[in-house]
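Written out below as structure tokens is the structure these notes cover.
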Amino acid sequence: MPRKFKIAVSGSDSDRAASQVHDIGLHLYRNDAGQMGFEVIVGGGLGRTPVIGKTVRKFLEPQELLSYLDAVLRVYNLNGRRDNKYKARIKILVNAVGIEAFTKMVEEEWQFTKGKDLRLPQAEIERVKGFFKAPDYLSVEHAQSSLETEFIAHPAFATWHKQNTRDHKQPGYRIVVVSLKNQLQAPGDISHQQMDGIAALADEFSFGELRSTHDQNLVLADIAQRDLFNLWLKLTDLGMGRANIGTLTDMINCPGLDFCSLANAETLILSRQINETFDDMNYQYDLGEIQLKISGCINACGHHHVGHIGILGVEKGGKQVYQFTLGGSASNDASLGKTLGRSIDQDQVVVVIGQILDVYVQQRETDETFLQTVQRIGFAPFKERVYGTHQRSAA
Amino acid sequence: MALIKDQQLSLNHVATPDIRFADWLDDDLIKGESVLTNGADDLTCLLANASKLDMIAIEFETFADGRGFSMARLLRREGYQGEIRAVGDVAMDRIEFMHRVGFNAFELRDDQNVNEALTKLSEMSVHFQPSADGKGPAYMA
């Protein structure tokens, strides 16, 4: 194939796999007739040419998943550009020919493969499903706990429960998101002691399974309510109990110039400054859901294009400066952020973040999230606040 | 340069043609029965003319250009029975895949070992993916 290729699969109503910014995104869902199938999205991606993927097929029966993807890959292999590696990705092909023409090419190729060798027999689907059986859950009477006494005795536990745990389809259970975003470590970093510790907790409380997420956290997917308090105590001991999931400090951060040979600018210094400046958790809770994503170069490993606030480090004239984008999203309403204005000096980045947040706090309506406010009021108030009085930005 | 054809070392075979498909198409005077092609040629046109050819040599100019795989696969799918010869960057770790999509001859460089190539062609007995060789995935066996 012309170049690397990434497929993302989402099996939930809310897209947590950033599937619209992958070469292929697959959404498993149940259609109006009650059948399970895939919506197939092609040609998304970030990096130097950010693109939101487009739907190439609204509904694909699961048995034909492989035959259909085979057709997509063959069309890409034969028609993708070979002359320039930056233009060799499928997103460039889809944009060049248009999604209608691309869909037609895929459908034509698919006629040769559909219903043949690549059609998955139901027995094979069932066999593979057998590897994903539900764990041996406790009955609801044994698993559940109202946790009322613990909440009253330990308000910090109540806050963590609200911020870092999610509803579970199994009665009596919760999903726990373990924050790897404490004040002292780089976002997503974990020490060997913490790794040993969290592995033991997975064995003790979550059927030995630990998942990592693209936003640089960990998930313990099956925690009985009655175990939550003990788990929280142990996570806190490990320095992994910070109740900041979904908040400003739950940022995605690439390693930047400190560790990466491709980077043009430092990023870890920004996460340090952000943690030092915005250290009031009540302020973070009041701000609500904010996705801050930081990349140290144009390759966009920090997914800055799809951050509600995105920051891209660049090097200009020997100086590290940072471009801000606002209004991106990697969720169901995936969108690419737009550039706020000229680049900001490194020592002014936290000042500008504070200004952007001030505008939101002043302008938001009841229950309005940061992203909704940006979408409603547009960029002008943010530009006025950041550039109207702020004269120290780079040229 | 050694040639492996139909899973054995070939000692008596037609040399790899130096007539490129585009020239063959344009010039009636050089209507031979074998051509050299690569991913840059018009595949639809090649498929339309394949029945006039005894041998189609597909060149892998670089490792990163995998169009030759799709070309061989589509030639076989359209019923082409002649020789499909892999030339150029015929990497050892890809010979088996070339064979599976429809190549039946492989031109090796002098620094490539014939026995190693022959081993590559037969060492895998099960596959995940069906291909032009008619072998189904392991779960269908």
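The values are calculated or read from the model by the stated rules, or taken from the named source; none is laboratory data. Everything quoted here is computed from the prediction, not taken from an experiment. In this analysis, Cβ positions are derived from the backbone assuming ideal geometry, glycine residues included, and neighbour counts consider all displayed protein chains.
Is there a residue in region A:265-281 that is of a type outside the set (S, T, N, Q), within 19 Å of the chain's Cα centre (by Cα) and surrounded by 15 or more Cβ atoms within 10 Å (Cβ to Cβ)? Yes, some residue in region A:265-281 is of a type outside the set (S, T, N, Q), within 19 Å of the chain's Cα centre (by Cα) and surrounded by 15 or more Cβ atoms within 10 Å (Cβ to Cβ). The set of residues in region B:43-64 being away from chain A (no Cβ under 13 Å) and either touching a residue at least 60 places away in the same chain (Cβ under 8 Å) or assigned to a helix (DSSP H, G or I) (or both) consists of B:45, B:48, B:49, B:50, B:51, B:52. All conditions but one from (1) of a type in the set (Phe, Trp, Tyr); (2) free of Cβ contacts under 8 Å to residues at least 40 places away in the same chain; (3) under 19 Å from residue A:290 (Cα atoms) apply to residue A:151; the one that does not is (3).
Pairing residues of region A:205-220 that are surrounded by 21 or more Cβ atoms within 10 Å (Cβ to Cβ) with residues that are of a type in the set (Asp, Glu), at Cβ distances under 6 Å and at least 6 apart in sequence or on separate chains, gives A:206/A:222.
For region A:44-62, residues that are surrounded by fewer than 17 Cβ atoms within 10 Å (Cβ to Cβ) and touching a residue at least 24 places away in the same chain (Cβ under 8 Å) total 6.
In region A:75-129, the residue that is farthest from the other protein chains (Cβ to nearest Cβ) out of those that are surrounded by fewer than 17 Cβ atoms within 10 Å (Cβ to Cβ) and polar (S, T, N, Q) is A:95. Residues in region A:95-112 that are assigned to a helix (DSSP H, G or I) and farther than 19 Å from residue A:63 by Cα: A:95, A:96, A:97, A:99, A:100, A:101, A:102, A:103, A:104, A:105. Output the number of residues of region A:320-341 satisfying the condition of being modelled with pLDDT of 95 or more and either farther than 23 Å from residue A:14 by Cβ or not in a strand (DSSP E or B) (or both). The qualifying residues number 13. Suppose the filter is surrounded by fewer than 16 Cβ atoms within 10 Å (Cβ to Cβ) and in a strand (DSSP E or B); does residue A:174 pass it? So residue A:174 fails the test.
Being under 13 Å from the mean Cα position of the chain (by Cα) and in contact (Cβ under 8 Å) with a residue 12 or more places away in the chain holds for only one residue in A:312, A:292, A:287, and it is A:292.
One line per residue, one yes/no per condition, for (1) modelled with pLDDT of 95 or more; (2) buried (at least 17 other Cβ atoms within 10 Å of the Cβ); (3) within 14 Å of another protein chain (Cβ to nearest Cβ); (4) in a strand (DSSP E or B):
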| position | (1), (2), (3), (4) |
| --- | --- |
| B:95 | yes, yes, no, no |
| B:99 | yes, yes, no, no |
| B:106 | yes, yes, no, yes |
| B:110 | no, no, no, no |
| B:116 | yes, no, no, no |
| B:125 | no, no, no, no |
| B:132 | no, yes, yes, no |
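Annotation: residue B:69 fulfils all but one of (1) more than 17 Å from residue A:73 (Cβ to Cβ); (2) within 12 Å of another protein chain (Cβ to nearest Cβ); the unmet one is (1).
When the residues of region B:74-90 are filtered to those that are among the charged types (D, E, K, R) and surrounded by fewer than 21 Cβ atoms within 10 Å (Cβ to Cβ), the one that is farthest from the other protein chains (Cβ to nearest Cβ) is B:83.
The set of residues from region A:1-34 being surrounded by fewer than 20 Cβ atoms within 10 Å (Cβ to Cβ) and among the β-branched types (Val, Ile, Thr) comprises A:7, A:9. Mind checking whether some residue in region B:14-23 is among the acidic types (Asp, Glu) and either modelled with pLDDT of 95 or more or exposed (fewer than 13 other Cβ atoms within 10 Å of the Cβ) (or both)? Yes. Evaluating residue B:47 against the criteria (1) within 18 Å of residue A:78 (Cα to Cα); (2) surrounded by fewer than 18 Cβ atoms within 10 Å (Cβ to Cβ); (3) modelled with pLDDT under 95 leaves one unmet condition, (3). Just to be sure, is residue A:141 under 30 Å from residue B:78 (Cβ atoms), of a type outside the set (S, T, N, Q) and assigned to a helix (DSSP H, G or I)? No; evaluated as a whole, the condition is false for this residue. A single member of A:188, A:208 is assigned to a loop (DSSP other than H, G, I, E, B), farther than 27 Å from residue A:278 by Cβ and modelled with pLDDT of 95 or more, and it is A:208.
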